[in-house]
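The values are calculated or read from the model by the stated rules, or taken from the named source; none is laboratory data. Computed from a predicted structure; not experimentally measured. Cβ placement follows ideal geometry from the backbone for every residue including glycine, while neighbour counts extend to all protein chains displayed.
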Amino acid sequence: MIRLRLLAATALLLLPLPCAAAQELDLLIRGGSVVDGTGSPAKAADVGIAGDRIVLVGSSAGRHAKRVIDATGLVVTPGFIDPHTHTAGDLSDPKRSRNDAYLMQGVTTVVTGNDGDSPRDIGATLDKWKRQGIGTNAALFIGQGTVRGQVMKMSDSKPTAEQMEQMEHLVDTAMQQGAIGISTGLYYAPGSYSTTEEVIELAKIAAARGGIYDTHMRDESSYNIGLQAAVRETIHIGQEAHLPVMISHIKALGVDVWGQSADVIRIIDNARQQGVDITASQYPYTASGTSVTASLVPRWAEADGALQKNIADPAVQARLVSEMTRNLERRGGADSLLMTDSKDKSIVGKTLAQIAKERGESPIDAAIEIIKAGGSGVASFNMKESDIDAFMRQPWVMTCSDGSEGHPRKYGTFPRKFHEYVYTRHVISLEAAVRSSTSLPAQTLRLKERGLLKDGYFADVLVFDPKTFVDQSTYQSPRVLATGVRYLTVNGELAVDQGSLTAKLAGRPLTH
């Protein structure tokens, strides 16, 4: 009897145990064309999700799921990751925290705090997002301009040893609270008042905590040191601070530097061959988004917060007008600046040239009056398609929106890249477009287990219709949601279901 019991127990031990792979799926996406984010060719496969993880990429034969999505004729990819947005305000506002503009582009993770401009308290912001709920995952940079402004306000002077120590402490605190790195806006005040050496010292603090360096470079045109010198400065910062560097929204801005994309690419390729970890992001539009002030006013006029005083000072009027005139030439003239976001709604949708003509004054005088009245956002048409194409083809260039109010890129960047540059003009392949929007930013930003359709990775999954995945936002109507996203999961939960937004706030704050 004892022997029989032992034999029975032994037999039970030899039976195959149920494994995690055989568990019931919460969601099965069946029959789609899977582009996994690695750059590998599209393949027919199914994607299974259990909880917040992908647990199957391949054949789903014999598997059961609580819900099955038929993805026949559709493309299945990882959720897109946008490394440069201006969504901190949206995410912190309960009325906008779902982040509709990005979900409807297929974006499941956004990064904000770019251009040197971030919330002061990284920890409090991340904690608020966690408590309140957000629609997309989100990560934060600590902004060098924010840090400098906190310590030195709008001073253009060199920091004292004590001020430098205060700034280093602020950066270190932000990194400990979860910032993924430090961002700079060296074109904008007050970041523009910083020397390269000052930036290096702060970047070293971020590097010591495992962070990266993201920059709106000192010059994308010929405003000060020039485009190519600004690229070299970025490389130098990365080398000296020993951290990866990412050039935000890489471009050749304005007639003075059109065609220099080939030179910039060569400089970056040489640096990468020498071991520098440098990448770049890019949005697929010929117009940048900024303000009338940033476009035209020289930075000396903003020092110490004295812009309005300098505008009214007859002693500096001639110099101010002369330099603003030259800056307008760099931008391509008054016809190239379209007002997009202003308290004065009468100027929105008009070019600076139109406004000047209506008022019977010069474009510079019209710009000064706009600035005196509170300023305006602008879409600045200053890029050539040939430069955009050249940058986009580089394997180290990822997709970003740099989404700002009044510019269609906030609502249309990702579908525009696919519709225009993949399916219509064939500038890059589908697989390259997916990689540049998923695994490349995930790797660059050090976001673990995201950016690929891979067993064990977080279930940020996009299913889109290649025939209807199109941007609908325009410069005239910039706040129109994109079309073509059929399904989108964020951490395993459906944020878009059959083309419509759900009420889910499944996003998570992501820390370094």
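For the stretch 311-320, give me each residue that is at pLDDT 95 or above and surrounded by 15 or more Cβ atoms within 10 Å (Cβ to Cβ).
Selection gives L320 alone.
Counting residues that are touching a strand residue (DSSP E or B) at 6+ places or on another chain (Cβ under 8 Å) and either under 26 Å from S194 (Cβ atoms) or of a type in the set (D, E, K, R) (or both), which helices (runs of 4 or more DSSP H) fully inside the stretch 92-156 reach at least 2? If you could, list the steps in order and put the result at the bottom.
Working: elements: 100-103, 122-132, 144-152.
Those helices (runs of 4 or more DSSP H) span 122-132, 144-152.
What pairs can you find where one residue is in the stretch 161-175 and under 17 Å from L140 (Cα atoms), the other is of a type in the set (K, R), and their Cβ atoms are less than 6 Å apart, with a gap of 6+ or different chains?
M175/R209
Condition first: under 30 Å from V496 (Cβ atoms) and in a helix (DSSP H, G or I). Can you find one or more residues in the stretch 193-206 that meet it? Outline the logic, then answer.
In the first step, residues of the stretch 193-206 are kept if they are under 30 Å from V496 (Cβ atoms); the result is none.
So far as the stretch 193-206 goes, no, none of its residues is under 30 Å from V496 (Cβ atoms) and in a helix (DSSP H, G or I).
Exactly one of (1) touching a strand residue (DSSP E or B) at 6+ places or on another chain (Cβ under 8 Å); (2) over 28 Å from G191 (Cβ atoms) is unmet by S342. Its number?
(2)
Restricting attention to the stretch 53-91, which residues are in a helix (DSSP H, G or I) and surrounded by fewer than 19 Cβ atoms within 10 Å (Cβ to Cβ)? Show your work before the answer.
As a first pass, look at the stretch 53-91 and keep what is in a helix (DSSP H, G or I): 88-91.
Listed by number, the list holds a single entry, G89.
Which is of a type in the set (A, V, I, L, M, F, W, C), over 29 Å from G499 (Cβ atoms), in contact with a Pro (Cβ under 8 Å, 6 or more places away or on another chain) and at pLDDT 95 or above, of M175, M164, M154? Walk me through it before giving the result.
On the way: M175 fails: in contact with a Pro (Cβ under 8 Å, 6 or more places away or on another chain); M164 fails: in contact with a Pro (Cβ under 8 Å, 6 or more places away or on another chain).
Residue meeting the stated conditions: M154.
Quick one: which of R218, R209 is touching a helix residue (DSSP H, G or I) at 6+ places or on another chain (Cβ under 8 Å), over 28 Å from L296 (Cα atoms) and of a type in the set (K, R)?
Details: R218 fails: over 28 Å from L296 (Cα atoms).
So the residue among R218, R209 that is touching a helix residue (DSSP H, G or I) at 6+ places or on another chain (Cβ under 8 Å), over 28 Å from L296 (Cα atoms) and of a type in the set (K, R) is R209.
Being closer than 18 Å to A71 by Cα and surrounded by 22 or more Cβ atoms within 10 Å (Cβ to Cβ) is the requirement here; does L494 meet it?
On the way: closer than 18 Å to A71 by Cα: yes; surrounded by 22 or more Cβ atoms within 10 Å (Cβ to Cβ): no.
No: the conditions fail for L494.
Does V276 meet the test of being of a type in the set (A, V, I, L, M, F, W, C) and outside any helix (DSSP H, G or I)?
Taking the combined requirement at face value, the residue satisfies it.
Is there a residue being buried (at least 21 other Cβ atoms within 10 Å of the Cβ), of a type outside the set (D, E), in the same structural domain as A179 (by TED's automatic domain parsing) and farther than 30 Å from M167 by Cα anywhere in the stretch 113-131?
So far as the stretch 113-131 goes, no, none of its residues is buried (at least 21 other Cβ atoms within 10 Å of the Cβ), of a type outside the set (D, E), in the same structural domain as A179 (by TED's automatic domain parsing) and farther than 30 Å from M167 by Cα.
What single numbered condition from (1) aliphatic (A, V, I, L, M); (2) within 30 Å of S439 (Cα to Cα); (3) under 23 Å from the mean Cα position of the chain (by Cα) fails to hold for A262?
For A262, the exception is condition (3).
Counting only residues that are closer than 22 Å to A65 by Cβ, loosely packed, with under 12 Cβ neighbours inside 10 Å and not hydrophobic (A, V, I, L, M, F, W, C), which one in the stretch 1-42 is modelled with the highest pLDDT?
The residue in question is E24.
Quick check on my filter: what residues within the stretch 370-390 are in a helix (DSSP H, G or I) and surrounded by fewer than 17 Cβ atoms within 10 Å (Cβ to Cβ)? Spell out the reasoning first.
Going through the stretch 370-390, the residues in a helix (DSSP H, G or I) turn out to be 370-372, 385-390.
Residues satisfying the conditions are K372, E385, S386, D389.
Find all pairs meeting these conditions: Cβ atoms under 7 angstrom apart; at least six residues apart or on different chains; first residue within the stretch 316-334 and assigned by TED's automatic domain parsing to the domain that holds I370 and of a type in the set (G, A, S); second residue part of a helix (DSSP H, G or I) and exposed (fewer than 14 other Cβ atoms within 10 Å of the Cβ).
No pair meets every condition.
Of all residues in the stretch 207-216, which are under 17 Å from H84 (Cβ atoms) and assigned to a loop (DSSP other than H, G, I, E, B)? Full working, then the answer.
Looking only at the stretch 207-216, we keep the residues that are under 17 Å from H84 (Cβ atoms), and these are 211-216.
Result: G211, single match.
Given the residues S248, S221, S281, which is the only one that is closer than 23 Å to L328 by Cβ, of a type outside the set (F, W, Y) and within 23 Å of the chain's Cα centre (by Cα)? Before you say what the answer is, go through the steps one by one.
On the way: S248 fails: closer than 23 Å to L328 by Cβ; S281 fails: closer than 23 Å to L328 by Cβ.
The match here is S221.
Okay, residues lined up against (1) touching a Lys or Arg at 6+ places or on another chain (Cβ under 7 Å); (2) at pLDDT 95 or above; (3) farther than 30 Å from V75 by Cβ:
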residue	(1), (2), (3)
S342	no, no, yes
T351	no, yes, yes
A367	no, yes, yes
E385	no, yes, no
T399	yes, yes, no
G412	no, yes, no
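Are any residues in the stretch 166-187 surrounded by fewer than 21 Cβ atoms within 10 Å (Cβ to Cβ) and outside any helix (DSSP H, G or I), and if so, which ones?
The one that is surrounded by fewer than 21 Cβ atoms within 10 Å (Cβ to Cβ) and outside any helix (DSSP H, G or I): G178.
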